[in-house]
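I have placed the structure first, in the form of structure tokens, so that the comments after it can refer back to it.
Only the coordinates and a few stated rules stand behind these numbers; no lab work does. What you are looking at is a predicted structure, and each value in this text was computed from that prediction instead of being measured. Cβ placement follows ideal geometry from the backbone for every residue including glycine, while neighbour counts extend to all protein chains displayed.
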Amino acid sequence: MADVLLASLLSPVVLAFVLGAVAVAVRSDLEIPEPLYQALSIYLLLAIGLKGGSALSVTPLADVAWPVLGTLGLGILTPIIAYNVLRRLGKMDRTNAAALAAHYGSVSAVTFIAAQTVVALAGYPPEGFLPALVAVLEVPAIIVGLLIAYSRGERAGSWQEAMKEVVTGKSIVLLIGGMAMGWIAGKDGMAPVEPFFIHGFQGALTLFLLDMGMTAARRLRDLKAVGVFLVAFGILMPIVHGALGVWVGLATGLSVGGAAVLGAMVSSASYIAAPAAIRVGLPEANPAYYLTASLGITFPFNLTLGIPLYLAIAQWLGG
Amino acid sequence: MYPLRTMKTVTYRLVTIVAERSVRDRLLTSIHQLGATGHTLYDVKGEGTRHAGFSREAASVKIEVVVSPEVAEKVVDHVAEKYFAHHSVIVYVQDVEVVRGSKYGPHNEEA
């Protein structure tokens, strides 16, 4: 595990994240322009969709069906676990607990990408169709979180608007749309776009992580407001969810690498799809809680220590 | 030179709303339903008492509409009622002298 940890920490992707955080800490004038950030996130989401779709086109349905069902179950179960932990152990109010539950049940696409990279580098190439699981994991938890909140009283937000945001949000459109494109085009059809979407991928990811480092470091300003419990939650909840994800991955037939990546996905907290939907559906919830926890605590934890840990758990359970 | 002095101008209201990105589409729909005939939209950055500007996903927008005083009042009331409690939003109103007043919908003083 020490080798994997070191290789992961010293990869350009993680180092770029650190550089972004340092730039904020020293008050550098470095700034990633908004349009570049938007372009990079579109590129990354479409690229993983394309890759996943073309892999899906050569994968027998039986190999995909169980992992998809397992992931769907996790997408429903993990927000319920998170909600109960926040309510019972954290004594948090219903609205903020439901908002956080939606985030921790949903998935961070960048954590998924980073996990794929690290796990493959460590010699455990994951299955190519895993992006399909990202799409499956993204939506249910947000719906569960909103359901919990809406079933317990009047809300200031709009249920319909929030649902529209979940289903038509850019990450779902690009992921599912990209997968459909990759599946229809097939392996050979993808060849012309590979230099851009496959070979350029790690470079674009490095730039994106530079921006993530800056955003995460800025969020830390709100750390005092969120309190000790939420900091602990942001580290311990992912470990529980991650172990659960690895176990379900292995039980549904994924390889050690695939199970480790599923663990990382399940452990991660959404910071694109969920915040957008929760802001519309649950505007009463305080964004300082869910954004600081998911971006400022859980994402950096997973990127540095979490992913090697889930791989170690997968090796231990599946080796 | 455009002979501005000879053009008839009419007094309308310029309503400016600066709000978090998440309410943009709903705001625009409501504003048009309340009687605005057009709008100008800007992506903007900033910080306020709610710190919404800290997150990229919570970036802000600025919406400007030129409307009659009656519509301006409706827009301000709507924003206050729907968004003041839980969202990052400010709204302010100015008088503006506009050329081609008929573009902006019916205006009582014109009659």
Treat the count of other C-beta atoms within 10 Å as a stand-in for reagent exposure and order A:Ser267, A:Ser158, B:Ser68 from fewest to most. A:Ser158, B:Ser68, A:Ser267
Counting other C-beta atoms within 10 Å, which of A:Ile80, A:Ile142, A:Ile32, B:Ile63 has the fewest, and how do the rest follow? A:Ile80, A:Ile32, B:Ile63, A:Ile142
Convex hull projection area averaged over all views, segment A:217-269, Cα basis, nm²: 4.0
Based only on Cα atoms, what Rg/Rh ratio does segment B:4-43 have, Rh being taken as Kirkwood's radius? 1.11
Work out, in µm²/s and without decimals, the Stokes-Einstein translational diffusion coefficient of chain A at 25 °C, 0.890 mPa s, Rh from Kirkwood over C-alpha pairs. 127
Ranked on Cβ counts within 10 Å of their own Cβ, fewest leading, A:Arg27, A:Arg218, A:Arg88 go A:Arg27, A:Arg88, A:Arg218
With the Cα gyration tensor of segment A:1-102 giving a ≥ b ≥ c as the square roots of its eigenvalues, does the rule (a/c under 1.5 for rounded; else a/b larger than b/c for prolate; else oblate) give rounded, prolate or oblate? oblate
Taking the radius of gyration and the Kirkwood hydrodynamic radius from Cα positions alone, what is the Rg/Rh ratio for segment A:175-319, to two decimal places? 1.03
Please count, across the protein assembly as shown, the pairs of lysine residues with Cα atoms under 27 Å apart that sit 8 or more places apart or on different chains. 23
Could you list the trypsin sites (Lys or Arg not before Pro) in segment A:107-186 that lie in coil according to DSSP, counting only those with at most 13 other Cβ atoms within 10 Å of their Cβ? A:Arg152
Kindly identify segment A:82-196 as rounded, prolate or oblate by the Cα gyration tensor criterion: order the square roots of the eigenvalues as a ≥ b ≥ c, call it rounded if a/c is under 1.5, otherwise compare a/b with b/c, prolate if a/b is larger, else oblate. oblate
